[in-house]
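See below for the structure under consideration.
The values are calculated or read from the model by the stated rules, or taken from the named source; none is laboratory data. Quantities reported herein were computed from a predicted structural model and do not represent experimental measurements. Backbone-built Cβ (ideal geometry, glycine too); neighbour counts: all protein chains shown. These area figures cover heavy atoms from the full protein model, side chains too; ligands, DNA and RNA do not enter into them. Shrake-Rupley method; radii C 1.70, N 1.55, O 1.52, S 1.80 Å.
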Amino acid sequence: MLDIDFVRGQFPAFAQESLQGQAFFENAGGSYTCQPVIDRLTRFYTERKVQPYAPYEASRLGGEEMDEARRRLAAMMGVESDELSFGPSTTQNTYVLANAFRQFMQPGDAIVVTNQDHEANTGPWRRLADEGFEVREWQVDPETGHLDLAKLEALLDEKVRLVCFPHCSNVVGEINPVVEITALAHAAGAFVCVDGVSYAPHGLPNVGLMGPDIYLFSAYKTYGPHQGIMVMRRALGETLPNQGHYFNAGSLYKRFTPAGPDHAQVAASAGMADYADALALHHGITGTAAEKATGVHDLMRAHEVKLLQPLLDYVSAKNSVRLIGPSHAAGRAPTVALELAQAGEPVAAELAAHGVMAGGGDFYAVRALKAMGVDPEKGVLRLSFVHYTSEAEVQQLMEALDRVL
């Protein structure tokens, strides 16, 4: 079982006087940063803040730390080192990818998107319709928010070049079957792009085993700095047109990052791997980098599922509350969106008075909310947590909800 005291000891936020008594339930918007990331970022800014990859010592070490981050995170996700790259944000990475596909596709080609997505993953792809490409929408069930594989299958034919979908939605929370969806798309001759922003905080997945061609997530939601991280598998990456400087076309991890890297934040991302390794060591998880990452993933998920089910049972029993997404913890991430009689944002403000940090609004999932009959102007109350959340904090949340609902 997850040693929650050890876990919380890796996050300076829990020792801060200003945060004592505050239960953090807006982790889907960004997580606390772990100590190894802070240490690496501080070291880079104080000892390595020079142009990296030059022959003098500070520069050489800075470049090595940047390479270390890419190498170790790629190994954890079961891909080659140059198949992982960093960009300013996942939103920016997606825009670059959409431009690459715009240049790659031919008249008459189509892509598939969902209306379950955060707008950052669906918007850039939908704009390809302005270029004359067909955009097909894989629609959610209006009652549950579920994506039915049979509906996807009906959309696939020889014209489809790309299928884009979330590993899980930032409001629905249901974990989509990446392996099965990828197999369907590949069988139809399409590439696959997975938005993992809302899933990766609950444990980095083994992308190499799952099989998608692109996997995107955000470091600031996985206990790290503000960077977008992208896995681009080699077969697709070497097929799409280069989006970087022409002289970097031969480097896979530079082909889709036209912006110059944030040296310090890239280097600090290795602290995410340090943290995962510390969890593995403390809990006796051994093996390759990918095997240890899988063990840590499973440890995180088991803890989250244990804490999530009582919360789902609690909100499901309230007639005044509509739970968005599944009511069974094993099939969803601990991102719980609630449609209330009142708007979500004022309720989040009331919760703050009871020491609960939560959010209200549309969370850039306007299409998903509309599809499920939720007024985006009113939005939802969103309660999201991760593996460092304690049972006591979940109890504090439910007691606060009793007072404000």
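Summary of the geometry: the stretch 373-400 and the stretch 160-232, compared by the centres of their Cα atoms, lie 24 Å apart.
When restricted to Cα atoms, the stretch 191-252 yields an Rg and a Dmax of 12.9, 37 Å, respectively. Comparing Leu299, Leu209, Leu128 in a Gaussian network model of the chain where C-alpha atoms under 10 Å apart are linked, the largest mean-square fluctuation is found at Leu209.
Viscosity 1.567 mPa s, temperature 4 °C: give me the Stokes-Einstein translational D for the stretch 99-193 in µm²/s, with Rh taken as the Kirkwood radius over C-alpha pairs. Estimated diffusion coefficient is 97 µm²/s.
Exposed loop sites are taken as chymotrypsin sites (Phe, Trp or Tyr not before Pro) in a DSSP loop (any state but H, G, I, E or B) with at most 14 other beta carbon atoms within 10 Å; the longest stretch of the chain without one runs 57-405.
The calculated 222 nm mean residue ellipticity attributable to helices in the chain amounts to -12000 deg cm²/dmol, summing -39500 (n - 2.57) over DSSP H runs of n ≥ 4 and dividing by all residues. Sorted largest first by accessible area at a 1.4 angstrom probe radius, with every protein chain in place, the residues Arg403, Arg127, Arg72 fall in the order Arg403, Arg127, Arg72. Dipole of the chain computed with +1 at Lys/Arg Cβ and -1 at Asp/Glu Cβ about the Cα centre; of Gly173, Pro241, Thr294, farthest Cα towards the positive end is Pro241. Database remark: amide H of Val160 closer than 5 angstrom to the amide H of Ala110 (H placed geometrically; neighbours at sequence offset of 5 or more, or on other chains; Pro and chain starts carry no H). Here the label points at Glu377 and Arg127, each 7 Å from Cα along the C-beta direction, are separated by 2.7 nm in the simple model.
When Rg and Dmax are taken over the Cα atoms of the stretch 49-113, they come to 16.9, 54 Å. Note on Lys151: lysines with a C-alpha under 17 Å away, same-chain residues under 8 apart excluded, are Lys159. Springs between Cα atoms under 10 Å define the GNM used for the chain, and in it the highest mean-square fluctuation of Ala273, Ala15, Ala349 occurs at Ala15. Per the Debye formula on identical point scatterers at the alpha carbon atoms of the stretch 41-273, with no solvent, log10 I(q)/I(0) at q = 0.07, 0.08, 0.14, 0.15 Å⁻¹ is -0.23, -0.29, -0.86, -0.97. Here the dipole of the stretch 41-273 is about 760 debye; that uses its Cα centre as origin and unit charges on the Cβ of Lys and Arg (positive) and Asp and Glu (negative). For Arg332, nonlocal amide neighbours, meaning residues 5 or more places apart or on other chains whose placed amide H falls under 5 Å from its own, are Ile175. Counting charges near Glu345 (Lys, Arg +1; Asp, Glu -1) among other residues having Cβ under 15 Å from its Cβ returns a value of -4. DSSP beta bridges confined to the chain are antiparallel in about 50 percent of cases. Charge dipole (Cα centre; +1 on Lys/Arg Cβ, -1 on Asp/Glu Cβ; no other charges) of the chain amounts to roughly 580 debye. Label point 7 Å out from Phe104 along Cα-to-Cβ: which residues of the stretch 194-211 have amide N under 14 Å? Within reach of a label on Phe104: 194. Result for the chain in a Gaussian network model with C-alpha springs under 10 Å: among Asp277, Asp313, Asp213, the largest mean-square fluctuation is at Asp313. Dividing the convex hull volume of the alpha-carbon atoms in the stretch 1-120 by its residue count gives 209 Å³ per residue.
Expressed to the nearest 5 percent, the antiparallel share of DSSP beta bridges inside the stretch 41-273 is 40 percent.
Rolling a 1.4 Å probe across the protein heavy atoms gives the stretch 41-273 an accessible surface of 37 Å² per residue. With one equal scatterer per alpha carbon and no solvent term, the Debye-computed log10 I(q)/I(0) for the chain at 0.06, 0.07 1/Å reads -0.24, -0.32. Using a probe of 1.4 Å, the accessible surface attributed to Ser81 totals some 40 Å² when neighbouring protein chains are kept in position.
Couplings 3J(HN,Hα) of the stretch 318-329, computed from phi: 8, 5, 7, 10, 10, 6, 8, x, x, 9, 10, 4 Hz, in residue order, whole Hz [Karplus 6.51 cos²θ - 1.76 cosθ + 1.60, θ = phi - 60°; x for Gly and Pro].
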